[in-house]
Amino acid sequence: MRIGIALLLLWGLFAPKALAQGDGSEASGLDRVEQELELAEFEEAARLLQEIADDSRAGLDRDGAARLLRLRAVVRSALGRDRDANRDLASLVLVLEGREPGPLPQSLRRRFDRLRVAFGDRTLRVRVGIRPLGATDVRARVTAEDGEADVVERLELSCRSGAREIASSDSGTVTVRGERELVCEGRAFGPGGWLIGASTARWRSGTEPAADPSPGLATNGIDEVLLWGLGGAGVAVLLGVLIAGITVAASSSGVGGPVWVPRE
């Protein structure tokens, strides 16, 4: 019964494209997935999707990552893996940042719309923080929180002092000893090698850690607390600001297309 319903849904989603393509077209990875879906080869489609998602050299952009997540939600739902399908839909909401998802079966579209309302204006933001540990050690960390979604596949972090690279890691955290200043760049990647975003933070010896800026502020490597202090008239305020020892930056990029606005 489930397979029969899935066949009807998938025919409605993909049949027009199949008729337009003909037999001799060269198919990309995601095009091949759609072809397998047209044939109701759900297991093969799932295998192909996993290969693409795991391939850091696939070179997907934001739109490609969204397409992968949409197709994977359809495949997993057809295979009865509803919990996994829901995670893909949650990831799709974050990736699209309010944009329309493209064709989905009605049951999945209803779930997507509920998640979109629940997430509100939440977006993926990449952050790098640097914090002293004792007298000689400094720890840098890159984060890209995606909550109950599963968008972030990999984190990269590299730190340099001057022109020298001091440390790098694909675990998202490095600890450095004996350096007087650091510039650390972090990057987060989604499925298929999609670059979610990058962020940079700077630190100098002799400073104390400051509180992280609010989630909505992107400093792009400039200490925003220092900027506020420079705008004030009091020297004491400026001196207080200069003890800031940690800078966190965030960046994100949008996608072209209509923006969905929740109804009040």
Checklist entry - Among helices (runs of 4 or more DSSP H) lying entirely in segment 1-74, which contain 1 or more residues that are in the same structural domain as residue 104 (by TED's automatic domain parsing), of a type in the set (Gly, Ala, Ser) and at pLDDT 95 or above? => result 42-54
Checklist entry - What do you reckon, is residue 113 surrounded by fewer than 18 Cβ atoms within 10 Å (Cβ to Cβ), at pLDDT 95 or above and acidic (Asp, Glu)? => result yes
Item to check | Test for residue 131: is it more than 17 Å from residue 86 (Cα to Cα), touching a Lys or Arg at 6+ places or on another chain (Cβ under 6 Å) and either buried (at least 19 other Cβ atoms within 10 Å of the Cβ) or touching a residue at least 24 places away in the same chain (Cβ under 8 Å) (or both) | outcome: yes
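When you scan segment 83-99, do you find a residue that is surrounded by fewer than 18 Cβ atoms within 10 Å (Cβ to Cβ), touching a Phe, Trp or Tyr at 6+ places or on another chain (Cβ under 9 Å) and touching a residue at least 12 places away in the same chain (Cβ under 8 Å), even just one?
The answer is no, given that none of the residues of segment 83-99 is surrounded by fewer than 18 Cβ atoms within 10 Å (Cβ to Cβ), touching a Phe, Trp or Tyr at 6+ places or on another chain (Cβ under 9 Å) and touching a residue at least 12 places away in the same chain (Cβ under 8 Å).
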Checklist entry - Just checking, how many residues over segment 34-69 are touching a helix residue (DSSP H, G or I) at 6+ places or on another chain (Cβ under 6 Å), free of Cβ contacts under 8 Å to residues at least 60 places away in the same chain and not acidic (Asp, Glu)? => result 8
Next on the checklist: Against the definition (exposed (fewer than 13 other Cβ atoms within 10 Å of the Cβ), over 16 Å from residue 189 (Cβ atoms) and of a type in the set (Lys, Arg)), how does residue 164 come out, yes or no?
Outcome noted: yes
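The values are calculated or read from the model by the stated rules, or taken from the named source; none is laboratory data. In this text the structure is predicted, and so the values were computed from the model without any measurement. Cβ atoms come from the backbone with ideal geometry, glycine included; neighbour counts cover every protein chain shown.
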